[in-house]
Amino acid sequence: MSQVVHLSSLKISSLEAPAGISSRADASPRLSLATLRGLPRTVRRPGFDVAALRPGILHLGCGAFHRAHQAVFTQRAIEAKPGAIPPAWGIISASLQRPTMRDALQPQDGLYTVLERGPHGACATVVGTISEVVFAQENPAALLARFTDPAIRLVTLTVTSSGYCLDPATERLAVHHPDIQKDLHASLPSSALGVLVAGLAEVHKAGRRPPVVMSCDNLPGNGRILRQAAIDYAALFDDELAGWIASSVQFPCSMVDRITPATTEADLGDAAAALGVFDAAPVCAEPFRQWVIEDFAGPRPAWEAAGAEFVPDVALWEASKLGLLNGTHMAIAYLGSLAGMQTVAEFVEDPVFAAYALRFMLAEQRPTLPPSRHDIGAYAHQLLRRWRNPGIAHQLSRVGRNGSEKLQARLLASVQENLEAGRSASCTLLAVAAWICCASGCVGHGHAAETQDPLIGRMQALGAAAGDDAGRLTASVLAMEDVFGRDLPRLEAFRVGLTQAVGDLQHMGPHATVKALLASPKQGCR
Ligand code: CS2
């Protein structure tokens, strides 16, 4: 049973913890197997022998989301099967880009704290399922050796949509992507796709049964996309391997959900206060967590005992989550930034913006979902409650990162479908327009905010050339085929609506623009 601890501070600093380790690490004793037993009783500890845990999963991308989601589900699943001695399903987690997590977790024997923050308080749980962290760039050979260990039955990924190195127009591997090119010329790979295919190649060479490979990223049909990207990568040098991956490796799709903001200095302080020892890698998350996984064959943790659902097809869950949660997140990130706000909660506390978010979800995303018995109205209202959670300071700057790579699945697909069906898409057009204003720097009466995006240089140049001419800005941005494709910019209703929305945002600012939009006739919003 978890116990609620009222942690010293629920006020969140906007400062991200520098490199995950603070100077306080030197002064206090550290969270580790040695200090685990002495933790206060208010802290929930792993209900199994952490030191005896045997690895069964290799994970690529040891970020905050993985540690707040899959590692927690796995801990609960192991706890639900006390008979398995010594317990299996420890996770070997690979950091692909930075050594930060390896450096933070290694001295802690892989242990870290999840600070679960709800509206009425927080509780601290120490998670013990990460058996080892490997930094791929420093030690690709070690990572490959772990991959080919026959005990590894599952390979999972959280590398964000950018980590798949996809061509947005085709959703196939972008062969000329610098990370892919670098890997193709290196003796050992370090990109997610490179590591995955090199690992599978070794397993194939050894004539062994391949592990099940599961994407846990927010992409539509994430398993199918990953499977195709792995086949494309392998086909660059070995057709036979590509064929074996296509015929023998399972890539189930999955829908993952838990709001997990970046760890802040305040979180480090709260974790230390709850534990009485220093933890360099705490992660904070909302109480809600969901995982819907496409059925697959083969051994796995009893994740269903931890609340995961196994279903024949995750498409509906995926579509609702991407459209309603992740799509609205983008609208919130850019409109909220233009309004000078910092967090998702701040945005949905404003009644005008909250009404906009609801209309966006119910009138524009709902009609594009596959037919089902799911209560999408209830889902949308639950999302509003989750976003309002005062314990979670989800930074708009973080939610709005890499928008150019996320627009297609989260906003553009539904705009196109709605406009082609003759339905309204004005809320979604406004969200796309807000991204254009933020990324180009042409914010008019809105607040300027730093936007992180791989295309930021191109967007800023287009903004500088267009000045305050909304028509010119929109036309030049729509010519970016790698973001908008060819078909959508040809739709007159899209071009005209988007130009109007960019102009309105620049002249009236986000709040007055949203108010005016809400005054226009409603469609299907309950
Ligand atoms: C967010 C997601 O940053 C983003 O793109 O929309 O990280 C979101 O918080 C998670 O998918 C919630 O499960």
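Please treat every number below as a calculation from the coordinates, not as lab data. None of the values given here were measured: they were computed from a predicted structure. Note that we place each Cβ from the backbone using ideal geometry, even for glycine, and neighbour counts take in every protein chain shown.
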Taking amide H positions as placed 1.01 Å from N in the peptide plane, with prolines and chain starts having none, which residues 5 or more places from residue 264, or on another chain, fall under 5 Å of its amide H? 17
Compute the helix-to-body angle for 456-466: its Cα long axis versus the longest principal axis of the chain, expressed 0 to 90° and rounded to tens. 10
Amide H of residue 134: which non-local residues (sequence gap of 5 or more, or other chain) have their own amide H closer than 5 Å, using H built in the peptide plane? 93, 94, 95
So what J values fall out for region 399-416 if you push phi through Karplus, 6.51 cos²θ - 1.76 cosθ + 1.60 with θ = phi - 60°, rounded to Hz, Gly and Pro as x? 5, x, 5, 6, x, 4, 7, 10, 4, 4, 6, 9, 10, 5, 4, 6, 4, 4
Helix-only mean residue ellipticity at 222 nm for the chain, each DSSP H run of n ≥ 4 adding -39500 (n - 2.57), per residue, nearest 500: -12500 deg cm²/dmol
Sites residue 465 and residue 388 - FRET efficiency at Förster radius 56 Å, r taken between beta-carbons, to 0.05: 0.90
Suppose R0 equals 35 Å. What FRET efficiency, 1/(1 + (r/R0)^6) with r the Cβ-Cβ distance, do residue 34 and residue 188 give to the nearest 0.05? 0.55
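I need 511, 120 ordered by Cβ neighbour count within 10 Å, fewest first. Don't skip to the end; give the middle numbers.
On the way: 511 18, 120 10.
Lowest to highest Cβ neighbour count: 120, 511.
Could you sort out which of 205/321; 81/321; 321/515 sit more than 32 Å apart by Cα distance in this structure? Display every interim value, and only then the final one.
Values: 205/321 39 Å; 81/321 30 Å; 321/515 26 Å.
Violating the 32 Å Cα-Cα cut-off are 205/321.
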Built amide H within the under 5 Å cut-off of residue 343, gap 5+: 396
Let me make sure I get this right: for region 316-518, a, b and c are the square roots of the gyration tensor eigenvalues over alpha carbons, sorted descending. Under 1.5 in a/c it's rounded, otherwise prolate if a/b > b/c, else oblate. Which is it? oblate
For region 219-287 versus region 119-138, the gap between their alpha-carbon centres in whole angstrom: 13
Specify the angular offset, from 0 to 90 degrees and rounded to the nearest 10, of the alpha carbon long axis of helix 376-388 from the longest principal axis of the alpha carbons in the chain. 80
Label-point gap, in nm, between residue 238 and residue 151 - each point 7 angstrom along Cα→Cβ: 2.5
Please rank 171, 349, fewest neighbouring Cβ atoms within 10 Å first, as an exposure proxy. 349, 171
So what are the ³J(HN,Hα) numbers for region 89-97, from phi and the Karplus equation (6.51, -1.76, 1.60; θ = phi - 60°), rounded to whole Hz, Gly and Pro as x? 6, x, 10, 9, 10, 9, 8, 9, 10
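Kindly put 289, 102 in sequence by how many other C-beta atoms sit within 10 Å of each C-beta, fewest to most. Write down the numbers at each step before the final one.
Numbers: 289 22, 102 19.
Fewest-to-most Cβ neighbours within 10 Å comes out as 102, 289.
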Length gained, residue 520-residue 120, 0.36 nm per residue minus C-alpha separation, equals 140.3 nm
Placing one identical point scatterer on every Cα of the chain and ignoring solvent, what is log10 I(q)/I(0) from the Debye formula at q = 0.07, 0.08 Å⁻¹? -0.39, -0.52
Karplus ³J(HN,Hα) for region 46-58 (6.51 cos²θ - 1.76 cosθ + 1.60, θ = phi - 60°; Hz, whole; x = Gly/Pro) runs x, x, 8, 7, 4, 5, 8, 4, 9, x, x, 10, 10
Round to the nearest 10 and give me the degree value, 0 to 90, for the angle of helix 327-338's Cα axis relative to the longest principal axis of the chain. 60
